[in-house]
Number of protein chains: 2
Amino acid sequence: MATKVNRQWRLVSRPVGSIAESNFEWTQEPVPTLGEGQILVRNIYLSLDPTNRGWLNEGENYLPPVAIGEVIRGFGIGVVEQSRNVNFPEGTLVQGLLGWQDYAVTDGTNLSEFLKDPSIPLTAYLGLFGLIGMTAYFGLLDIGKPKVGETLVVSGAAGAVGSLVGQIGKIKGCRVVGIAGSEEKCRWLKDELGFDAAINYKTESVLESLQQHCPDGIDVYFENVGGEILDAVLKLINLRARIVLCGLISQYNATQLVPGPYNFVNILIKRAKVEGFIVLDYFNRAQEVLADLGEWYAQGKIKYRVDVIDGLENAPRTINKLFNGTNQGKLIIKVSEE
Amino acid sequence: MATKVNRQWRLVSRPVGSIAESNFEWTQEPVPTLGEGQILVRNIYLSLDPTNRGWLNEGENYLPPVAIGEVIRGFGIGVVEQSRNVNFPEGTLVQGLLGWQDYAVTDGTNLSEFLKDPSIPLTAYLGLFGLIGMTAYFGLLDIGKPKVGETLVVSGAAGAVGSLVGQIGKIKGCRVVGIAGSEEKCRWLKDELGFDAAINYKTESVLESLQQHCPDGIDVYFENVGGEILDAVLKLINLRARIVLCGLISQYNATQLVPGPYNFVNILIKRAKVEGFIVLDYFNRAQEVLADLGEWYAQGKIKYRVDVIDGLENAPRTINKLFNGTNQGKLIIKVSEE
């Protein structure tokens, strides 16, 4: 068998502010011969997520930083092409931290096998039926604990997670108000996904629009963004509001320390709860989410969209779409054919 | 019966920054004749608490602001001297929002009767066996949920609430580190109250000292202060840390918006929980606290101190002791003889 070439994106310098393509190096190396217990995974889809940005910083994060010279860390889906590991026979579909490369050689640590439902496209396993779906589901229901009739506000509402959060909120009987960054996104939230209201933070005063669309105050806030939007929400929270801190994308590219919310004292006055949430902690409960989301999807109650960009070589210039808001749904790089 | 004179402190202007005596007016009026259902309470002790400051601002708080011209709101202990209310016969000891005045005329709303244990001084009912004790007890145990072997950090540790929080933390098997504002206070915390360590934030780097005294990180933080101390703590919190947001005294006198903690993102990274807490929500559970605190006090496991200043006329100039840290224990104004 001819030696396969593994194209890889490696970190050469840590981004200051937004990711620049020059922070990465495009390298090639032959795929090594497998050792006992190892498998060779051909990567098919690579998930681009806001959290990737944090892994490139030097500082401590919930995972160790990507080291200089290392392949960029990323979650993806692939298929086992060669195996010296009985747990992962050839042909097995796997998901996990496969990295920004054509092939991953691994002993299977941090990978999990999954069975594809023939009626569900493979990309959905990086979205609705993957980490994104789990993030929305457990973040909203376990941390946010929305009750029928309560008002739920979601920032980053047109994003992969936010759009699911809002729809699950509607299923659970909440009034749902989304905050997004364009008229097109706001229309999609209202007209297609059934949000009660959507606020374009680029053209509206978020505080005034929230006051208008949340006449009974805010009970649950699902936070993907941070900054001024968080401050506006904190002004309007009700007694015992729950704030699910899932992301703070507005500050991931910051080059200096960003202050916390100026209305922090309202957490005290309103006896509110702010709780950090990372989906990694919920892996052992994946079956719960698949059952509910699968049912809602089959009933047409949940819609989602994916934004698939072809070619591993395009990953560095594509990831900034998450930060400038030009992605149209869950952002995915197609690395090879299914 | 000669008409009694009621001396009162009334709000004439809202403080900008620290409370100035000129914000208050010292007035006198005759005690009115009681209407049906009313009682006349002679105030004995008036509790001075950091939360009093917030009530003087115009903005929304957890209670409505004191209106211009109104008697200053304050919690206190008094005795019923006249009664036209069968629920409060003459001689009954009561506690509640009696206000900065010699006498309160009320229908009993927001007052509660209490039975004094002859072995416990009356002032203790404004401290250990009152709102202060309940605040420390429920805030730490219900919100902070400390476990044996965990590290608890308390700010405002030599204050009325903080000193109890630390002692309860020791009873519950925690490593307890207090942050206070003088060498004398730090010595008291360590030598008298059994704290494992105490940090003088006026002379030490709080971050460096916390790193030294919390080698296993911070699991529970009881927050009375805010500002830079909160930021230092957030840098060192462990996974799933609990932050009890009980007070933010460092910003109560602020004349402009104060930013939230710069390390806010660590709440997300560490999946920590920040929860606001106000003791008003726990009134119906007062018996629990009295049983436990009473037992611990009788066993000598809990110590506390009170700082009693004589004379209602001294209330305005005394309350700032809370903010400059010159009080030596629970700050109380003695209004009349027991």
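The values are calculated or read from the model by the stated rules, or taken from the named source; none is laboratory data. This is a predicted model, so every value here is computed, not measured. As a convention, Cβ positions derive from the backbone with ideal geometry for all residues, glycine included, and neighbour counts pool all protein chains shown. Protein only, heavy atoms only, side chains kept; ligands, DNA and RNA dropped before computing areas. Shrake-Rupley method; radii C 1.70, N 1.55, O 1.52, S 1.80 Å.
Counting other Cβ atoms within 10 Å of each Cβ, which GluC sites (Glu not before Pro) in the stretch B:1-104 have at most 11 and sit in a DSSP loop?
B:E36, B:E58, B:E90
What quantity of accessible surface, computed with a 1.4 Å probe and excluding non-protein components, is buried in total between chains B and A, in Å² to the nearest 100?
On the way: alone 15280 and 15300 Å², together 27650 Å².
Accessible area lost upon association: around 2900 Å².
Can you tell me the orientation of helix A:286-298 relative to chain A, as the angle in degrees between its alpha-carbon axis and the longest Cα principal axis, to the nearest 10?
With both axes taken from Cα atoms, the answer is about 70 degrees.
Under a point-charge model restricted to the Cβ atoms of Lys and Arg (+1) and Asp and Glu (-1), what is the dipole moment magnitude of the protein assembly as shown relative to its Cα centre, in debye to the nearest 20?
80
Give the calculated FRET efficiency between B:R84 and B:A298 to the nearest 0.05, with a Förster radius of 41 Å applied to their Cβ-Cβ distance. Could the numbers behind the result be given before it?
Details: r = 39 Å, r/R0 = 0.94.
Rounded to the nearest 0.05, the efficiency is 0.60.
For chain A, which whole-number percentage of the solvent-accessible area (1.4 Å probe, protein heavy atoms only) is attributable to carbon and sulfur atoms? All intermediate terms of the calculation are to be shown ahead of the outcome.
On the way: 6840 of 13830 Å².
Of all accessible area on chain A, carbon and sulfur atoms account for 49 percent.
Zone of B:R305 (label point 7 Å along Cα→Cβ, backbone N under 19 Å): which residues in the stretch B:30-61?
Under 19 Å, as judged by backbone N against the label point of B:R305, lie B:48-50 of the stretch B:30-61.
With a 1.4 Å probe and all protein chains left in place, how much accessible area per residue does the stretch B:10-61 have, in Å²? Working shown, then result.
Numbers: 2290 Å² over 52 residues.
Using a 1.4 Å probe on heavy atoms only, each residue of the stretch B:10-61 averages 44 Å².
Over what distance in Å are the Cα centres of the stretch B:42-73 and the stretch A:156-217 separated?
Taking the Cα centre of each part, the stretch B:42-73 and the stretch A:156-217 sit 39 Å apart.
What residues qualify as long-range amide H neighbours of B:K270, i.e. H under 5 Å apart, gap of 5 or more or another chain, H built at 1.01 Å from N?
none
For the protein assembly as shown, what are the per-bin percents of Cα-Cα distances with bins 10 Å wide, up to the bin holding the maximum?
With a bin width of 10 Å, the distribution comes to 3, 14, 21, 21, 17, 12, 7, 4, 1, 0, 0, 0.
So how strong a dipole does the stretch A:133-280 carry about its Cα centre when Lys and Arg Cβ are +1 and Asp and Glu Cβ are -1, to the nearest 20 debye?
On the way: 15 positive and 15 negative charges, 94 e Å.
Here the size comes out at about 460 debye.
On full extension of the chain, what length is gained from A:E70 through A:Q256, given 0.36 nm per residue of separation minus the C-alpha to C-alpha distance?
Once the chain is fully extended between A:E70 and A:Q256, it gains 64.4 nm.
Expressed as a whole percent, how much of the Cα-Cα distance distribution for chain B exceeds 35 Å?
Pairs farther apart than 35 Å: 23 percent.
Please turn the phi angles of the stretch A:157-170 into ³J(HN,Hα) values with the Karplus equation 6.51 cos²θ - 1.76 cosθ + 1.60 (θ = phi - 60°), one per residue in order, whole Hz, x for glycine and proline.
Residue by residue, the stretch A:157-170 yields 5, 8, x, 4, 6, x, 5, 6, 4, x, 5, 5, x, 5 Hz.
In the P(r) worked out for the stretch A:133-280, what percent of Cα pairs fall beyond 23 Å?
26
What is the Cα centroid distance between the stretch A:316-338 and the stretch A:237-293, reported in whole angstrom?
Taking the Cα centre of the stretch A:237-293 as reference, the centre of the stretch A:316-338 is 24 Å away.
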